[in-house]
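**Q** Take a look at the following structure, please.
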Amino acid sequence: MNTSEPSQNRPRIRRGWLRALLGLLVWFILNLIVSIAGAIGASLIFGFSLQELTGLASNPDMIHVLLFLQLISMLATLVIVWGLCKLIDRRSFRSLGWEAKGHQKEMAIGFFIGLILILAGFIILFAAGLLTIDSVRFPVKSILITFMLFIVVAVSEELIMRGYVLNNLMVSMNKYIALVVSSLLFMVLHLRNPNVTVLGMTNVFLAGLLLGAFYIHHKNLWLPIFLHFSWNFFQGPVLGFEVSGVALESIIAQTINGPNWLTGGEFGYEGSLLANISLLLAFVGLDVWSRMKKTNRSTDDSDATKP
């Protein structure tokens, strides 16, 4: 830490790893309280009992309620992280990686990485006879709602896990160690998902590595946000897999015919060995590209300063 920095600009908690863990704990507790209050409010607004809300993710008639609750959670996350930046970190909220100008290419790359990974798995399973297409439909209302839903989920999870937790961990340790630690924490947050498997949790950990591969080099949230969104959206509402154990209404209705370790079973494609391999390869590729991009940018900046 730069000791010449004015004391009023230094974080109240000096150690980045402690800020990361404390911030995650504060976010979890406050977000849980807000979610409970939101569930009570949803039951009053939409006329559903709290018991019915427990199964709303798999009920097409209640998908709008799920979006409502996720919107509340996202707003709570924005406020909580903003407060952590202001009160604990003493830095701007924007510094977490919200700079969009000049990053349109990265947004597109993130989007297509998620799409290609899911689509490739779908095609492989279909070609191998491990997946059959039962029907194709277009539930417009459900697709539009889930489209917005997964944007909200991507923004919320990337803000807290990459923008705040990973960002602060990198202050205290090597960025790759920080990436591993943040990915483990990301995995822990998904342990309560339905139909959890060991392979599924391993892949959530690998997904954390992939989502942070660009961030550790460029500290920008837009690529991981778009990647996170496209992975979830094309996996569930488009191609008909469960998303982290949650079944959703989809354009393609399909049936899995193979072993769970190969297809993902009821946890979704991200619980499969195919996803395991593809996530690992994608992480290595994205990390190499991100490092090359950083090196090229540094070279360009150095050349620009020469007389």
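The values are calculated or read from the model by the stated rules, or taken from the named source; none is laboratory data. Values in this document were obtained by computation on a predicted structure and should not be read as measured data. Here the Cβ positions follow ideal geometry from the backbone for every residue, glycine too, while neighbour counts run over all protein chains shown.
**Q** Wholly within segment 170-261, which helices (runs of 4 or more DSSP H) include no fewer than the required count, namely at least 2 residues that are touching a Ser or Thr at 6+ places or on another chain (Cβ under 6 Å)?
**A** 198-213
**Q** Which is surrounded by fewer than 18 Cβ atoms within 10 Å (Cβ to Cβ) and of a type outside the set (Phe, Trp, Tyr), of Val140, Val204, Val152?
**A** Details: Val204 fails: surrounded by fewer than 18 Cβ atoms within 10 Å (Cβ to Cβ); Val152 fails: surrounded by fewer than 18 Cβ atoms within 10 Å (Cβ to Cβ).
After applying the criteria, what remains is Val140.
**Q** Can I ask one more? Failed condition for Leu210, given (1) surrounded by fewer than 24 Cβ atoms within 10 Å (Cβ to Cβ); (2) farther than 17 Å from His103 by Cα, with all others met?
**A** Unmet condition: (1).
**Q** So if I check each of Gly83, Gly41, Gly55, which one is out of contact with any helix residue (DSSP H, G or I) (no Cβ under 7 Å at 6 or more places or on another chain) and at pLDDT below 85?
**A** Result of the check over Gly83, Gly41, Gly55: Gly55.
**Q** Being farther than 19 Å from Leu22 by Cβ, in a helix (DSSP H, G or I) and among the β-branched types (Val, Ile, Thr) is the requirement here; does Val153 meet it?
**A** yes
**Q** Taking the options Leu239, Leu281, name whichever one is at negative phi and in contact (Cβ under 8 Å) with a residue 24 or more places away in the chain.
**A** Just a single option satisfies the conditions, and that option is Leu239.
**Q** Quickly run through segment 191-219 and pick out the residues that are touching a residue at least 12 places away in the same chain (Cβ under 8 Å), within 16 Å of Leu279 (Cα to Cα) and of a type in the set (A, V, I, L, M, F, W, C). Let's see the steps before the verdict.
**A** Of all residues in segment 191-219, those touching a residue at least 12 places away in the same chain (Cβ under 8 Å) come to 193-197, 199-219.
Going one step further and asking which of them are within 16 Å of Leu279 (Cα to Cα), we end up with 199-214.
Passing the criteria: Leu199, Met201, Val204, Phe205, Leu206, Ala207, Leu209, Leu210, Leu211, Ala213, Phe214.
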